[in-house]
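Student: Take this structure first; my questions come after.
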Amino acid sequence: MPALTPLVPEDQPAGPVRPSPAGLGIRVPRDGPPSPGASRILSQGARSGRLTHVELIPASEGRRADWPAWVPAELTAAFGQAGVQAPWVHQAVAADHARGGRSVIISTPAASGKSVGYLLPALTGVLEGRTSLYIAPTRALAADQLRLVRSLGLRGVRAAVVDGDTPASERAWARAHASYLLTTPDMLHHTLLPRHSRWDGFLRRLQYVIVDECHGYRGVFGSHVAHVLRRLRRVAVHHAAAGRGTGRGRLGEAGHDGGPAAPGPVFILASATISEPGRCARLLTGLDAETVTESAAPRGPLTFCLWEPPLTTLRGEAGAPVRRTATAEAAGLLADLVIGDVPALAFVRSRRGAEAVAMGARRALAEAGAAGLAPRIAAYRSGYLAADRRELEDRLRAGTITGLATTTALELGVNITGLDAVLIAGWPGTRAALWQQAGRAGRDGRGAVAVLIARDDPLDTYLVHHPEAILDRPVEATVLDPGNPYILAPHLCSAAAELPLTQADIELFGPGAAAVADRLTRAGMLRPRGHWRYWTRQGRPATAGLRGTGGLPVRIVEESTGRLVGTMDEPSAHVLAHTGAVYPHQGEIYLVSSLDLADGVALVEARDPGYATSARELTRIEVAAELRSARWGAAQVHFGDVQVTRQVTSYVRRQLETGQPAEQTPLDLPPRTLRTRAVWWTISPGQRAALAGRGVDLAGAAHAAEHASIGLLPLVAACDRWDVGGVSADLHPATGRLTVFVYDGHEGGAGFAERGFRAAADWLRATAQAIESCECGAGCPSCIQSPKCGNGNEPLSKSGAVSLLECLLQGRRNAVSPR
């Protein structure tokens, strides 16, 4: 992240200061007044006292390079017509690496022009008769990149998108003619790789594979994508060898006629700024990659603000105070920016939230006497038809929309210039995602403002009061675990169905792949014959989605029409699609009338009952194997394999505005067993006795510390709180001590618990600070209450959690190195 300049330095007078009611000083930067958007935000914050911190990220100048000598004149002329007179230094460096046959990852901030870095070698190759494959995590980004490539007007480049929006006729044209193909990991997994023989003409000439926005490939999804890319590598080598007439190619092996080894395509990865980009590239592709991390692009000044909504008079679960929602705050700020004619995006975590912000902003305009501006506000989300999404993007570029509420569908790379402000309603999950969203404003070099609005959540509350956790810490490394056997096994089956596996192929999938392949062979799913292993079943393997850990999905079907509404993995269906659940999907609200796990179907009807639902489940955990531990004085922190048994026993109807439970209904669902990994910590019997002697409610303290630590884990691991679960007990039978467990919510683990173990001191220290600094009295959703608690957030002890965590952390100074 770039160097930062506090707006109120402690060692010098601040200059013109407008103090807020909370005592926050806001200084006008010396190099000129704030941008129009920043001025409106700062003014609103000064009046309301909701700003907790303001920081200026200064502007920087750009550094140009010459066009590489190998770039055709036709291509440099096309870029010149598009306004690119010469590349920035980092673009030229990355392009030279790729042209030299070296895979490379470009990890630089948003708006630094990563696209030129990969388009130079990719389009040069296409003009020379080769092909390039571009992989985007979203359809919006693929469509935007298609517009960019076509706008260059290169006669020898035939660009096409193949994704879920592409009609069959256009897919057929792409197979026959495309030289620059844009797609998504899901389309590769479900369509292109299983039917790779139909893409022989494209694959045998494949020179470059571009993996854009690769920082988003993390956790279970990232682990799946890593195997999809390995399957792509071996299929591409096979077709390239067939095209040369050298027999069936293998990665790093000679052809059957003793010819040269088949190296496979060059990978060019583009990412927001992340830690350890080289490691990220290797985890995703299995290849070593050069790293380009220093941006030479110019950047305008950015005013970055932290904003905390106030507590309201409403009361939620257990009588806890409720804050004004981040979406309501975002709606008010978006309306004010539209009144000031400040082009702005508001990022919201859910589709329903994006619609709510747009509607709330229109209401705020009407209340301000500016109802005529309502058509300048819209919502954007992935549930819209492709034509509707493209129209919204075009209107935003043209300026007929001033304020757009969006999900993360517009976070990733879509080239929209002229924005002056970005509102981020809730922590987006990682620092990389935060700066990616903030970077959507000021992309043409102008000054801009970005505002992080805290949700009613422990992590958000901690961050807006500890800006150093955002501003003074490096961006996270990508967390994924391709070696997870539950993720790896179905990909080995898919790979064998695409092409029989050799031992070299199996090694391509990682050091644990041989054991998984042996297990699949013993189960009769793979059959050895000579040096090969074949898929034994009729047809292709059943392919689950890339967002889960395998197993056939549960289909969500509209009962009155038979229409398929969506799908989800079976474990999630217990929690989200049980009988009686309110199921939101693509902005629509459905009520689940029945869930049949045997048939894998949940029947729903389109109806909004006016309440939300949350499942309650009982959880048991057993330690299967301790892999590592660290002693913190008399306390200990552990990491290892666990078996979690969960059973949804009931669900609760909740008021939409406050979350207050209204009615509980029993459910009869079977228990589910999850073999995963966890981090857990214990205190000694002596420490427990000392806390009990001080009157600490030990069960409530452990339970509250569990909730808060789950909420704060995303601070040190690139995850969402919904990716993990927890169990706590005053005396847990697995340890015989007071214990708090936090486990990965995916079969085999996802790497999050392990990252928590490695950063346990920082993580648990931040957890204690978040609880202690919360302004509530006895606990609230901003500190110790959890929206997914299966025990109704009882018992909880806010003061006890602080005492318990302080007791744990006291021994940290004398901790030995983990073993």
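Student: Name the helices (runs of 4 or more DSSP H) wholly within the range 729-819 that hold at least 3 residues that are among the β-branched types (Val, Ile, Thr), open to solvent by less than 10 Å² (accessible area, probe 1.4 Å) and at pLDDT 95 or above? Even if it seems obvious, please write down each step before you answer.
Tutor: On the way: elements: 752-758, 760-773, 798-810.
Fully inside the range 729-819 and qualifying: nothing.
Student: Here's a follow-up. I want to confirm something. Restricting to the range 576-594 and keeping residues that are touching a residue at least 40 places away in the same chain (Cβ under 8 Å) and within 17 Å of Val652 (Cβ to Cβ), which single residue is nearest to the chain's Cα centre (by Cα)?
Tutor: That would be Pro584.
Student: Based on what the data block shows, is Pro511 modelled with pLDDT under 90 and not acidic (Asp, Glu)? Can you show your working first?
Tutor: Values: modelled with pLDDT under 90: no; not acidic (Asp, Glu): yes.
The answer is no for Pro511.
Student: Still on this structure: Answer yes or no: is there a residue in the range 132-150 that is on the phi < 0 side of the Ramachandran plot, acidic (Asp, Glu) and open to solvent by 20 Å² or more (accessible area, probe 1.4 Å). Can you show your working first?
Tutor: At the first step, the residues of the range 132-150 found to be on the phi < 0 side of the Ramachandran plot are 132-150.
Restricting the remaining residues to those that are acidic (Asp, Glu) gives 144.
Next, only the ones that are open to solvent by 20 Å² or more (accessible area, probe 1.4 Å) stay: none.
Scanning the range 132-150 turns up no residue that is on the phi < 0 side of the Ramachandran plot, acidic (Asp, Glu) and open to solvent by 20 Å² or more (accessible area, probe 1.4 Å).
Student: Just for the range 542-556: of the residues that are farther than 23 Å from Arg218 by Cα and open to solvent by 20 Å² or more (accessible area, probe 1.4 Å), which one is modelled with the highest pLDDT?
Tutor: Ranking the qualifying residues of the range 542-556, first place goes to Arg555.
Student: Related question: Residue by residue through the range 446-456, note down the ones that are under 20 Å from the mean Cα position of the chain (by Cα) and open to solvent by less than 10 Å² (accessible area, probe 1.4 Å).
Tutor: Of everything in the range 446-456, those that are under 20 Å from the mean Cα position of the chain (by Cα) and open to solvent by less than 10 Å² (accessible area, probe 1.4 Å) turn out to be Ala450, Val451, Leu452, Ile453, Ala454.
Student: Can I ask one more? Can you pull out every residue in the range 661-680 that is part of a strand (DSSP E or B) and of a type in the set (Asp, Glu)? Can you show your working first?
Tutor: Going through the range 661-680, the residues part of a strand (DSSP E or B) turn out to be 661-666, 672-680.
Passing the criteria: only Glu663.
Student: Those residues that are within 27 Å of the chain's Cα centre (by Cα) and open to solvent by less than 20 Å² (accessible area, probe 1.4 Å), I need them from the range 164-175; list them, please.
Tutor: Listed by number, the list holds a single entry, Thr166.
Student: Then there's this: Could we say that Arg351 is of a type in the set (Lys, Arg), under 30 Å from Pro795 (Cα atoms) and either without any contact (Cβ under 8 Å) to a residue 40 or more places away in the chain or open to solvent by 40 Å² or more (accessible area, probe 1.4 Å) (or both) here? Give the steps one after another, and end with the answer.
Tutor: Working: of a type in the set (Lys, Arg): yes; under 30 Å from Pro795 (Cα atoms): no; either without any contact (Cβ under 8 Å) to a residue 40 or more places away in the chain or open to solvent by 40 Å² or more (accessible area, probe 1.4 Å) (or both): yes.
So Arg351 fails the test.
Student: Based on what the data block shows, is Pro87 out of contact with any Cys (no Cβ under 9 Å at 6 or more places or on another chain) and within 15 Å of Leu152 (Cα to Cα)?
Tutor: Here the answer is no, as Pro87 does not meet what is asked.
Student: Name the strands (runs of 3 or more DSSP E) wholly within the range 585-660 that hold at least 1 residues that are modelled with pLDDT under 90 and open to solvent by 40 Å² or more (accessible area, probe 1.4 Å)? Walk me through it before giving the result.
Tutor: On the way: elements: 588-596, 601-606, 611-632, 635-655.
Counting at least 1 such residues, we get 588-596, 611-632, 635-655.
Student: Another question, then. Going by what's in this entry, would Ala573 be described as surrounded by 17 or more Cβ atoms within 10 Å (Cβ to Cβ) and part of a strand (DSSP E or B)?
Tutor: no
Student: Yes or no: Arg250 open to solvent by less than 20 Å² (accessible area, probe 1.4 Å), among the basic types (Lys, Arg) and either at pLDDT 95 or above or under 30 Å from Arg473 (Cβ atoms) (or both)? Even if it seems obvious, please write down each step before you answer.
Tutor: Numbers: open to solvent by less than 20 Å² (accessible area, probe 1.4 Å): yes; among the basic types (Lys, Arg): yes; either at pLDDT 95 or above or under 30 Å from Arg473 (Cβ atoms) (or both): no.
For Arg250, the condition - open to solvent by less than 20 Å² (accessible area, probe 1.4 Å), among the basic types (Lys, Arg) and either at pLDDT 95 or above or under 30 Å from Arg473 (Cβ atoms) (or both) - is not met.
Student: Then there is this: Take the residues of the range 676-710 that are open to solvent by 30 Å² or more (accessible area, probe 1.4 Å) and either among the small types (Gly, Ala, Ser) or closer than 13 Å to Gly725 by Cα (or both): which is nearest to the chain's Cα centre (by Cα)?
Tutor: Out of the qualifying residues, it is Arg677.
Student: Out of the range 176-202, which residues are open to solvent by less than 20 Å² (accessible area, probe 1.4 Å), in contact (Cβ under 8 Å) with a residue 60 or more places away in the chain and in a helix (DSSP H, G or I)?
Tutor: Within the range 176-202, Pro185, His189, His196, Phe202 qualify.
So that you can scan it fast, the table gives a plain yes or no per residue for (1) assigned to a loop (DSSP other than H, G, I, E, B); (2) surrounded by fewer than 13 Cβ atoms within 10 Å (Cβ to Cβ); (3) under 28 Å from the mean Cα position of the chain (by Cα); (4) modelled with pLDDT under 60:
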| site | (1), (2), (3), (4) |
| --- | --- |
| Asp11 | yes, yes, no, yes |
| Gly23 | yes, yes, no, yes |
| Ser39 | no, no, no, no |
| Gly45 | no, no, no, no |
| Gly62 | yes, no, no, no |
| Leu75 | no, no, no, no |
| Ala86 | yes, no, no, no |
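Student: Hey, another quick one. If we keep just the residues of the range 88-116 that are among the basic types (Lys, Arg) and open to solvent by 40 Å² or more (accessible area, probe 1.4 Å), which is nearest to the chain's Cα centre (by Cα)?
Tutor: Restricting to residues being among the basic types (Lys, Arg) and open to solvent by 40 Å² or more (accessible area, probe 1.4 Å), the top hit is Arg102.
Student: Modelled with pLDDT of 85 or more and more than 17 Å from Ala358 (Cβ to Cβ): is that true of Arg397 in this structure? Give the steps one after another, and end with the answer.
Tutor: Numbers: modelled with pLDDT of 85 or more: no; more than 17 Å from Ala358 (Cβ to Cβ): yes.
No: the conditions fail for Arg397.
Quick grid of which residues meet (1) farther than 29 Å from Ala581 by Cα; (2) of a type outside the set (A, V, I, L, M):
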residue	(1), (2)
Asp599	no, yes
Arg607	no, yes
Ala612	no, no
Ala615	no, no
Arg620	no, yes
Val623	yes, no
Ala630	yes, no
Ala634	yes, no
Gly640	yes, yes
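Student: Please tell me if Leu713 is open to solvent by less than 30 Å² (accessible area, probe 1.4 Å) and touching a helix residue (DSSP H, G or I) at 6+ places or on another chain (Cβ under 6 Å).
Tutor: On the way: open to solvent by less than 30 Å² (accessible area, probe 1.4 Å): yes; touching a helix residue (DSSP H, G or I) at 6+ places or on another chain (Cβ under 6 Å): yes.
Judged against the criteria, Leu713 is a match.
Student: Give the residue, chosen from Val161, Val211, Val220, that is crowded, with 23+ Cβ neighbours inside 10 Å and within 20 Å of Ala98 (Cβ to Cβ).
Tutor: Values: Val161 fails: within 20 Å of Ala98 (Cβ to Cβ); Val220 fails: within 20 Å of Ala98 (Cβ to Cβ).
After ruling out the rest, the residue left standing is Val211.
Student: I've got another one for you. Please pick out the residue among Ala326, Ala270 that is closer than 24 Å to Gly426 by Cα and among the aliphatic types (A, V, I, L, M). I'd like the intermediate steps shown before the answer.
Tutor: Details: Ala270 fails: closer than 24 Å to Gly426 by Cα.
The match here is Ala326.
Student: Which count do you get for residues in the range 710-725 that are in a helix (DSSP H, G or I) and either acidic (Asp, Glu) or closer than 15 Å to Gly745 by Cα (or both)?
Tutor: Filtering the range 710-725 down to residues in a helix (DSSP H, G or I) leaves 710-715, 721-723.
Now drop any that are not either acidic (Asp, Glu) or closer than 15 Å to Gly745 by Cα (or both), which leaves 710-711, 713-714, 721-723.
Within the range 710-725, residues that are in a helix (DSSP H, G or I) and either acidic (Asp, Glu) or closer than 15 Å to Gly745 by Cα (or both) number 7.
Student: Follow-up question, since we're still on this one. Suppose we filter the range 133-175 for residues that are small (Gly, Ala, Ser) and outside any helix (DSSP H, G or I); how many remain? Outline the logic, then answer.
Tutor: Our first condition is that a residue be small (Gly, Ala, Ser); within the range 133-175, this holds for 136, 140, 142-143, 151, 153, 156, 159-160, 164, 168-169, 172, 174.
Next cut, outside any helix (DSSP H, G or I) only: 136, 153, 156, 159-160, 164.
Residues meeting the conditions: 6.
Student: Continuing with the same structure: So if I check each of Thr327, Thr313, which one is among the β-branched types (Val, Ile, Thr) and part of a strand (DSSP E or B)? Reasoning before the result, please.
Tutor: Numbers: Thr327 fails: part of a strand (DSSP E or B).
Answer to the check: Thr313.
The values are calculated or read from the model by the stated rules, or taken from the named source; none is laboratory data. Keep in mind that this is a model prediction, so the values were computed, not measured. Positions of Cβ are generated from backbone atoms using ideal geometry, with glycine treated the same way; all protein chains shown enter the neighbour counts. Note: accessible area is taken over every heavy atom of the protein model, side chains too, but ligands, DNA and RNA are not part of it. Shrake-Rupley method; radii C 1.70, N 1.55, O 1.52, S 1.80 Å.
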